[in-house]
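Participant: First, the structure itself, so that you have it in front of you.
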Amino acid sequence: MQTTAPSNLWNSVASSADGAKLVAAAESGQFYGDGLIYTSPDSGTNWTQTSAPQNQWTSVASSADGTKLVAVSSFGNGDGTIHTSTNSGATWMQTSAPLTSWLSVASSSDGARLVAAASDIDHNYAGAIYTSVDSGATWTQTSAPSNDWSSVTCSADGTKLVAITHCCNDGLIYTSTNSGVAWTQTSAPQNDWRSVACSADGTKLIAMTRWGPSYTSTNSGATWTANDSSLLVDSSCVASSADGSKLVAAVGGGRIYTSPYSGPWRLASVPRTNWSAVASSSDGTKLVAVANGSPTWPGSIYTSADSGATWAETTAPANFWSAVASSAGGTKLVAVAGSDSYGNGGPLFISTNSGAAWTETRAPRTNWISVACSADGTKWVAAVSETVSHGVYISGGPIYSSTDSGASWTPTSAPATRWRAVASSADGSKLVASGTGIFTSTDSGVTWTTTSAPFNSWWSVASSADGTKLAASGNSIASGGGVFTSIDSGVSWTQTASPSIDGRSIVSSADGTKLLVADFYIGAIHASTDSGATWTLANAPGEYWQAVASSADGNKVVAVANNGGPIYTLQFPIPPSPPLHQPRLSMNRLGGSLDLSWLVPSTSFVLQQNPDLTTTNWMDVPTLPTLNFTNLHYEVAVSPSPGNRCYRLKQQ
């Protein structure tokens, strides 16, 4: 939900332990940034501009109760000062910290211990780390080496610190277990580290890089593990729950990701790369995915025979693969490649044994963009985007067809244009092709007819098995495209209410009722079960989705992403989500009472009691827990009672 905070060049945000009190700091930009600090007392419902001076604010931190705040600024449009507030931002005071280009600040849960890190921009300023043990009244430089520090974090008690650096200096991660008195270089690899966060006890760490996987540690930084499922995107910042079980990251392009992903999609065990297309057999068991690599590094073809549970790289030669199609049985495959950066055309390969072996056909080498086939794999249709030489557009491309399983190819009468996609009915007689317009054929491509679909950048088209129900997805950012459908083989078209704005791929079930559209720009996949009349979010992980395919009944789905993206699969009915992380309940004697406590969890739990574990007579403990802002634990004091008394935490 978007809050009422004004549009700004926001650099940092912090929250009290209960999420009620928020503070957000903006940089002072030439056009949009006002360089001010705002607070909210009601979880972001309302925001108030504080009295903090206008500055180039780079980072802000809060005590657990939200009363003590600290904000740091950098040079450029700022003065390089550190300010603190002891009344939730009502008033601010400049501290005695030296003037430098501060980039990050962190606070203990009681707001007494602070740590601030400075950058070493162009080596003009000494990038140092300072600490304070009196809420910012005085500051002491630590023994951390001079570096281009990018982010710093600390445990709830302020004793365990973690600091990361940009790649322009040593690009390493350092930790301290004594509030910054001494620092240790960890085993984390050199990288362009951008943001770091830790659990309340300082044992679980997460560090984000600019372009690469995130790294996690479960032993306070002694060892690190690269996360294969991390986002290969421009990471900006990351935050952790108190128990370290839930993470949230904001990345370039305005996207927000959470971990662990607990949705219904399953990550495939394939390399992250620039996947360009995917196809499925009619029963959804046999899958094939192709990658176009990069402008200088061609991609591979992978297949799966178990609905995406396992994948294997095929013997197909590396190339700039752009599209792939499959027969209903999944035995006959065709893959096409686009031109390389020098304008050299790509080949058209076929396989008759589910990808075990591949053979190049006699089709011309050109800038292939899309391919489709009949259910039996005898009739094929392939489209050329355009002719390009050294990055210069020469002319539009044709559409080719084959009626002998790819043995021979013939150019059709379709006009030469910048084609983007083709689709076929099950018998191969009805075809649909899209570029800036949408064309149809009812005779396997011998003749083509322009439809009434509006002018647009139509990225993808899909067809029901009988060819009567069609769907097209386009770029609505450019011209209000979105998703259009037709129930009369393309004679007329209707715009749907799909929220997709950059649908790179659309797929249809055999009966045309189930549709899926993969949106590249907003990183979402939307689904419809009524031929596009209504749409719902498919709860796919946020990725640069490039293509989606499904079984004939629409129950087995596979989606591939570009920009170093993964492959995910989905199966209906949706399987249950994995169990949530359970907090540990602790018991200690406190005078004449028993103190029950647990670390602030990521999900709400209620304390229950029962005199007998063998019964189901669990009842809520009537005493409400209080939050200890020093150690971020919920605490309940109970009086000992005769006999047995058992306690548990139950998720609400």
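The values are calculated or read from the model by the stated rules, or taken from the named source; none is laboratory data. Bear in mind that the values here come from a model prediction, so they are computed numbers and not experimental data. We place every Cβ from the backbone using ideal geometry, glycine too, and count neighbours over all the protein chains shown. For accessibility, only protein heavy atoms count, side chains too; no ligands or nucleic acids. Shrake-Rupley method; radii C 1.70, N 1.55, O 1.52, S 1.80 Å.
Residue by residue, here is whether (1) open to solvent by less than 40 Å² (accessible area, probe 1.4 Å); (2) within 22 Å of SER401 (Cβ to Cβ); (3) out of contact with any Gly (no Cβ under 9 Å at 6 or more places or on another chain) holds:
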site	(1), (2), (3)
PRO260	no, no, yes
GLY263	yes, no, yes
ARG272	no, no, no
TRP297	no, no, yes
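Participant: Sticking with this structure for a sec: Give segment 364-389 a look and list any residue that's of a type outside the set (Asp, Glu), surrounded by fewer than 22 Cβ atoms within 10 Å (Cβ to Cβ) and not in a loop (DSSP other than H, G, I, E, B), or say none.
Facilitator: THR387, VAL388, SER389
Participant: Right, here's the next one. Could you go through segment 10-21 and let me know if any residue there is in a loop (DSSP other than H, G, I, E, B), in contact with a strand residue (DSSP E or B) (Cβ under 7 Å, 6 or more places away or on another chain) and open to solvent by less than 20 Å² (accessible area, probe 1.4 Å).
Facilitator: yes
Participant: Follow-up. Select from segment 390-402 the residues that are modelled with pLDDT under 95 and part of a strand (DSSP E or B) and list them in ascending order.
Facilitator: VAL392, TYR393, ILE394, SER395, GLY396, GLY397
Participant: Every residue in segment 83-135 that is under 17 Å from ASP157 (Cβ atoms) and either at pLDDT below 95 or not β-branched (Val, Ile, Thr) (or both), please.
Facilitator: Passing the criteria: ALA106, SER107, SER108, SER109, ASP110, GLY111, ALA112, ARG113, LEU114, SER132, ASP134, SER135.
Participant: Another question about this same structure. Scan segment 403-458 for residues that are in a loop (DSSP other than H, G, I, E, B), of a type in the set (S, T, N, Q) and free of Cβ contacts under 8 Å to residues at least 60 places away in the same chain and report the count.
Facilitator: First, pick out the residues of segment 403-458 that are in a loop (DSSP other than H, G, I, E, B): 403-409, 412-416, 418-420, 425-430, 435-437, 442-448, 451-457.
Going one step further and asking which of them are of a type in the set (S, T, N, Q), we end up with 403, 405, 408, 412-413, 425, 429, 436, 442, 444, 447, 451-452, 456-457.
Within this subset, residues satisfying the condition of being free of Cβ contacts under 8 Å to residues at least 60 places away in the same chain are 403, 408, 412-413, 425, 429, 436, 442, 447, 451-452, 456-457.
Looking only at that region, the number is 13.
Participant: Are any residues in segment 312-345 without any contact (Cβ under 8 Å) to a residue 24 or more places away in the chain and closer than 29 Å to SER425 by Cβ, and if so, which ones?
Facilitator: Within segment 312-345, just GLY345 meets the criteria.
Participant: Moving to a separate point now. Restricting the search to segment 184-202, which residues are touching a residue at least 40 places away in the same chain (Cβ under 8 Å) and open to solvent by 40 Å² or more (accessible area, probe 1.4 Å)?
Facilitator: In the first step, residues of segment 184-202 are kept if they are touching a residue at least 40 places away in the same chain (Cβ under 8 Å); the result is 193-202.
Hits for segment 184-202 are ARG194, ASP201.
Participant: Answer yes if at least one residue in segment 27-42 is open to solvent by less than 20 Å² (accessible area, probe 1.4 Å), under 25 Å from the mean Cα position of the chain (by Cα) and modelled with pLDDT under 95, and no otherwise.
Facilitator: No - not one qualifying residue is present in segment 27-42.
Participant: Only one of ALA316, ALA277, ALA305, ALA312 is among the aliphatic types (A, V, I, L, M), more than 17 Å from the chain's Cα centre (by Cα) and open to solvent by 70 Å² or more (accessible area, probe 1.4 Å). Can you tell me which?
Facilitator: On the way: ALA316 fails: open to solvent by 70 Å² or more (accessible area, probe 1.4 Å); ALA277 fails: open to solvent by 70 Å² or more (accessible area, probe 1.4 Å); ALA312 fails: open to solvent by 70 Å² or more (accessible area, probe 1.4 Å).
Only one candidate qualifies: ALA305.
Participant: Identify the residue in segment 631-645 that is closer than 17 Å to PHE605 by Cα and modelled with pLDDT under 90 and, among all such residues, is most open to solvent (accessible area, probe 1.4 Å).
Facilitator: TYR634
Participant: Right, here's the next one. Filter segment 527-536 for residues that are free of Cβ contacts under 8 Å to residues at least 24 places away in the same chain and part of a strand (DSSP E or B); which is surrounded by the most Cβ atoms within 10 Å (Cβ to Cβ)?
Facilitator: Ranking the candidates gives ALA527 first.
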